[in-house]
Amino acid sequence: MSKDNKSYIELDVWKSARFLAKEIYTITSLFPKEEQYGLISQMRRCAVSIPSNIAEGCGRNYPKDSIQFFFMQEVLFMNWKPNCIFPLI
């Protein structure tokens, strides 16, 4: 992206994604220990990947490359949402 664009650190979406990741770590710490290598691990990896993809997308030189990382982040979020519902069942 061009240098006149905001740094990813200044983006509200990146700040929200980091907050979400911190919340996921807090919430998953309350899950049963038998989920440590299953659901907890999957949810945490996904939560960390979202702000990481936003940051990586902002570091790309071409808008099409950036957009690809932003779409990846959206797909990760869609993958993550059912995992939030599963423990409630």
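The values are calculated or read from the model by the stated rules, or taken from the named source; none is laboratory data. This is a predicted model, so every value here is computed, not measured. Cβ placement follows ideal geometry from the backbone for every residue including glycine, while neighbour counts extend to all protein chains displayed.
Taken over segment 25-41, the criterion of being in contact with a Phe, Trp or Tyr (Cβ under 9 Å, 6 or more places away or on another chain) and either of a type in the set (Ser, Thr, Tyr) or surrounded by fewer than 18 Cβ atoms within 10 Å (Cβ to Cβ) (or both) is satisfied by LEU39 alone. Residues in segment 7-41 that are in contact (Cβ under 8 Å) with a residue 24 or more places away in the chain and outside any helix (DSSP H, G or I) were compared, and the one that is nearest to the chain's Cα centre (by Cα) is LEU11.
Yes or no, residue by residue, for (1) assigned to a helix (DSSP H, G or I); (2) buried (at least 18 other Cβ atoms within 10 Å of the Cβ); (3) out of contact with any strand residue (DSSP E or B) (no Cβ under 7 Å at 6 or more places or on another chain); (4) modelled with pLDDT of 75 or more:
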position: MET43; (1), (2), (3), (4): yes, yes, yes, yes
position: ILE50; (1), (2), (3), (4): yes, yes, yes, yes
position: ASN53; (1), (2), (3), (4): yes, yes, yes, yes
position: ASN61; (1), (2), (3), (4): no, no, yes, yes
position: ASP65; (1), (2), (3), (4): yes, no, yes, yes
position: PHE70; (1), (2), (3), (4): yes, no, yes, yes
position: ASN79; (1), (2), (3), (4): yes, no, yes, no
position: ASN83; (1), (2), (3), (4): yes, no, yes, no
